[in-house]
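Undergrad: Pasting in a structure now, in structure tokens, and then I'll have a few things to ask.
The values are calculated or read from the model by the stated rules, or taken from the named source; none is laboratory data. Just so it is clear, the structure is predicted and the values come from calculations on it, not from any experiment. Every residue, glycine among them, receives a Cβ derived from its backbone with ideal geometry; neighbour counts consider all protein chains shown.
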Amino acid sequence: MRSLLFKNLGLKILSICVAIVLWYSVVSERQTNLLVTVPLTFVNVPKGMKVRMVSAERVSLHLEGPVSSIRTMEIGKIRGTIDLKGTREGKSRFELSPSHFNLPEGIRIAGISPEVVYVILEKYLTFKLPVKPRLKGKVDPHYAIRKIFAVPKFVWVVGDRKAKSSINSIPTKVVVVEGLKKDLKKVVPLEVPRDIHLKESLEHVEVNVVLREKVWDKEFVGVPLKVEQPSELFSYLLEPSKIKIVVRGWATAIDALSPKDFNGVVTVEGLKEGEYWVKPKVEAPGGVKVLSVVPEKVKVVVKEKVKD
């Protein structure tokens, strides 16, 4: 027994000394405290619900521990976690304790402020919103937009009560219609507001832009007049020989016309030598209506031709 006790005596004494030094360094290390503010996170939020409000998003912790541990502690990684599993809609009360926080080993919590946190859970709502096509630019001036619509016209979304009351539609990505001359169909993505999400797996819609051609009124100056049904015995002088007219028709047709495209005539059948005021007639191309003629009457001077 005596030989066993004194066997490897040197190593045993050294081990005892090391243990004493370590124990002394631990118990003799100076303690300190620190006040930190850390965020709260929420896990296991019940399906179909969201955290609408919390009484405190951050809490203050009074920490205590060895100086070395406090100095090396990564404060940015500390956070509180509240498990919402099984929580019902409405207001719930949670008492905070050290178990809610991920503290490094050796660090203690001497105080938490606030000690109680209230959480309000709210159910998500499913509701229908119209799709609102967004356009950029102006169509060709000969046309106007008659109708704009999307297919589908409505989509089902999921959001909270605030989103339902504040969001009236879901816009599409901008569709450029600059200079557009014909109806347009284009598939574009939706731009879903961040407070809601689509219930269906729908990312694109078809935007339809239906045009109508404008009806224009346009003035033409310098429409030439000619004599209709003249006699070989007389000469005719028209004053003025050109008139002004206002016509109405489809914009593209009207815009393509010039004064020479109208047939202005003055009928002189049966007129003898003298001066007359005759109302001119104007024939317009198909689909074009003459609204007014200025002047309403022109002066016709009829003279007998000199016989040789």
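Undergrad: In segment 137-150, which residues are of a type outside the set (Ser, Thr, Tyr) and part of a strand (DSSP E or B)? Please lay out each step first, then the result.
TA: First, the residues of segment 137-150 that are of a type outside the set (Ser, Thr, Tyr): 137-142, 144-150.
Listed by number, the residues that qualify are Ala144, Ile145, Arg146, Lys147, Ile148, Phe149, Ala150.
Undergrad: Same structure again: Is one or more of the residues making up segment 240-247 surrounded by 15 or more Cβ atoms within 10 Å (Cβ to Cβ) and closer than 30 Å to Lys182 by Cβ?
TA: Looking for residues that are surrounded by 15 or more Cβ atoms within 10 Å (Cβ to Cβ) and closer than 30 Å to Lys182 by Cβ, one finds at least one in segment 240-247, hence yes.
Undergrad: Given the criteria within 51 Å of the chain's Cα centre (by Cα) and either farther than 18 Å from Tyr236 by Cα or not polar (S, T, N, Q) (or both), does Leu271 qualify?
TA: Values: within 51 Å of the chain's Cα centre (by Cα): no; either farther than 18 Å from Tyr236 by Cα or not polar (S, T, N, Q) (or both): yes.
For Leu271, the condition - within 51 Å of the chain's Cα centre (by Cα) and either farther than 18 Å from Tyr236 by Cα or not polar (S, T, N, Q) (or both) - is not met.
Undergrad: Report, by residue number, each residue of segment 235-273 that is among the β-branched types (Val, Ile, Thr) and part of a loop (DSSP other than H, G, I, E, B).
TA: Val268 - this is the single residue of segment 235-273 that is among the β-branched types (Val, Ile, Thr) and part of a loop (DSSP other than H, G, I, E, B).
Undergrad: If you don't mind, there's one more thing I want to ask. Go through segment 81-136 and tell me which strands (runs of 3 or more DSSP E), entirely inside it, have 3 or more residues that are among the charged types (D, E, K, R).
TA: Per the criteria, 90-95, 125-136.
Undergrad: Consider Val210 carefully, then state whether it is surrounded by fewer than 15 Cβ atoms within 10 Å (Cβ to Cβ), modelled with pLDDT of 95 or more and touching an Asp or Glu at 6+ places or on another chain (Cβ under 6 Å).
TA: Working: surrounded by fewer than 15 Cβ atoms within 10 Å (Cβ to Cβ): yes; modelled with pLDDT of 95 or more: yes; touching an Asp or Glu at 6+ places or on another chain (Cβ under 6 Å): yes.
Spelling it out, Val210 is indeed surrounded by fewer than 15 Cβ atoms within 10 Å (Cβ to Cβ), modelled with pLDDT of 95 or more and touching an Asp or Glu at 6+ places or on another chain (Cβ under 6 Å).
Undergrad: Go through (1) closer than 30 Å to Ser55 by Cα; (2) outside the structural domain of Leu40 (by TED's automatic domain parsing); (3) surrounded by 12 or more Cβ atoms within 10 Å (Cβ to Cβ) one by one and return the number of the condition Asn168 breaks.
TA: Every condition holds for Asn168 apart from (3).
Undergrad: Name the single residue, out of those in segment 172-184 being surrounded by fewer than 16 Cβ atoms within 10 Å (Cβ to Cβ) and touching a residue at least 40 places away in the same chain (Cβ under 8 Å), that is nearest to Leu198 (Cα to Cα).
TA: Start the filter on segment 172-184 by keeping residues that are surrounded by fewer than 16 Cβ atoms within 10 Å (Cβ to Cβ), which leaves 173-174, 176, 178-179, 181-183.
So of that shortlist, the ones also touching a residue at least 40 places away in the same chain (Cβ under 8 Å) come out as 174, 176, 178-179, 181.
On the way: Val174: 19, Val176: 25, Glu178: 30, Gly179: 33, Lys181: 34 Å.
Top of the filtered list is Val174.
Undergrad: With the structure loaded, tell me whether Val117 is more than 30 Å from Val205 (Cα to Cα), outside the structural domain of Pro171 (by TED's automatic domain parsing) and in contact (Cβ under 8 Å) with a residue 60 or more places away in the chain or whether it fails that test.
TA: Numbers: more than 30 Å from Val205 (Cα to Cα): yes; outside the structural domain of Pro171 (by TED's automatic domain parsing): yes; in contact (Cβ under 8 Å) with a residue 60 or more places away in the chain: yes.
For Val117, the condition - more than 30 Å from Val205 (Cα to Cα), outside the structural domain of Pro171 (by TED's automatic domain parsing) and in contact (Cβ under 8 Å) with a residue 60 or more places away in the chain - is met.
Undergrad: Does any residue in segment 136-160 that is in contact (Cβ under 8 Å) with a residue 12 or more places away in the chain and under 24 Å from Asp195 (Cα atoms) come within less than 7 Å, Cβ to Cβ, of a residue that is aromatic (Phe, Trp, Tyr) and not in a strand (DSSP E or B) six or more places away or on a different chain, and which pairs are these?
TA: Here the result reads Val158/Tyr124; Gly159/Tyr124; Asp160/Tyr124, each pair linking segment 136-160 to a residue that is aromatic (Phe, Trp, Tyr) and not in a strand (DSSP E or B).
Undergrad: Considering every residue within segment 62-79, establish whether at least one is loosely packed, with under 14 Cβ neighbours inside 10 Å, of a type outside the set (Asp, Glu) and either assigned to a strand (DSSP E or B) or at pLDDT 95 or above (or both).
TA: no
Undergrad: Further, regarding this structure: Kindly list the number of the only condition in (1) in contact (Cβ under 8 Å) with a residue 12 or more places away in the chain; (2) among the small types (Gly, Ala, Ser); (3) closer than 30 Å to Trp156 by Cα that fails for Ser258.
TA: (3)
Undergrad: Related question: Quickly run through segment 257-271 and pick out the residues that are over 15 Å from Pro224 (Cα atoms) and either modelled with pLDDT of 95 or more or surrounded by 15 or more Cβ atoms within 10 Å (Cβ to Cβ) (or both).
TA: As a first pass, look at segment 257-271 and keep what is over 15 Å from Pro224 (Cα atoms): 268-271.
Scanning segment 257-271 gives Val268, Leu271.
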